[in-house]
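Chemist: Supplied in structure tokens, the structure appears directly below.
The values are calculated or read from the model by the stated rules, or taken from the named source; none is laboratory data. Predicted model only: the values in this text are computed from it and were never measured. Please note: Cβ atoms are built from the backbone with ideal geometry, for glycine as well, and neighbour counts cover all protein chains shown. Remember, those area values only see protein heavy atoms, side chains included, never the ligands or the DNA or RNA. Shrake-Rupley method; radii C 1.70, N 1.55, O 1.52, S 1.80 Å.
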Amino acid sequence: SYLINHQSPIPADYTCKGRNISPALHIEGAPPDTKSMTLIMHDPDAPNGDFTHWVVWNIPPETTDILDGSVPDTASEGISDFETVGYGGPCPPAGTHQYVFDLYALDTAFTLPQGASRPDIEAAIRGHVLAQTQLIGLVAA
């Protein structure tokens, strides 16, 4: 598995041109009072507006690595704008797109049904964010 470096290309395995599996991610520096983490991957450069590729919540606070093609056991995945639950890899129609991984450390864990949408998640985390960080990967059409 490869780690994505900030502002660097996302390896083809993690795109529609490859295995279309979620990338390995390394996490560090969550505040000590973190109860869970939430990850939202999206493409702000999509032709029809910001496109959601992956939503994961209730990531345990002690998580330091998410392996490629998986999520932690207690985590739940939401529906992407591909209208499927789980990861949908980058597949830009033209040009080079930025794929943004927003990670939020939260003061709570929450119960939402598997397959909840990004707006559901964003509403649930509002007011509970202790810290956030961002990783941007690039994919050319």
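Chemist: Which residues, counting only those in segment 91-123, are on the phi > 0 side of the Ramachandran plot and without any contact (Cβ under 8 Å) to a residue 40 or more places away in the chain? Before the answer, list the steps.
Modeler: Within segment 91-123, the subset on the phi > 0 side of the Ramachandran plot is 95, 115.
Listed by number, the list holds a single entry, Gly115.
Chemist: State whether the residues of segment 81-90 include one that is in contact (Cβ under 8 Å) with a residue 24 or more places away in the chain, closer than 19 Å to Gln7 by Cβ, under 13 Å from the mean Cα position of the chain (by Cα) and crowded, with 18+ Cβ neighbours inside 10 Å.
Modeler: yes
Chemist: List the strands (runs of 3 or more DSSP E) that sit entirely inside segment 1-119 and contain at least 2 residues that are of a type in the set (Ser, Thr, Tyr).
Modeler: Details: elements: 36-43, 51-59, 96-106.
Filter on segment 1-119 gives 36-43, 96-106.
Chemist: Here's something else I'd like to know. Mind checking which residues of segment 91-123 are surrounded by 14 or more Cβ atoms within 10 Å (Cβ to Cβ) and farther than 15 Å from Trp57 by Cβ?
Modeler: Correct list: Cys91, Pro92, His97, Gln98, Tyr99, Val100.
Chemist: Kindly indicate whether Thr34 is in contact with a helix residue (DSSP H, G or I) (Cβ under 8 Å, 6 or more places away or on another chain), open to solvent by less than 20 Å² (accessible area, probe 1.4 Å) and of a type in the set (Ser, Thr, Tyr).
Modeler: No; evaluated as a whole, the condition is false for this residue.
Chemist: Could you say whether any residue in segment 124-132 is assigned to a strand (DSSP E or B), surrounded by 18 or more Cβ atoms within 10 Å (Cβ to Cβ), touching a residue at least 60 places away in the same chain (Cβ under 8 Å) and among the β-branched types (Val, Ile, Thr)?
Modeler: Keep residues of segment 124-132 that are assigned to a strand (DSSP E or B), which gives 129-132.
From what's left, surrounded by 18 or more Cβ atoms within 10 Å (Cβ to Cβ): none.
Checking segment 124-132: not a single residue is assigned to a strand (DSSP E or B), surrounded by 18 or more Cβ atoms within 10 Å (Cβ to Cβ), touching a residue at least 60 places away in the same chain (Cβ under 8 Å) and among the β-branched types (Val, Ile, Thr).
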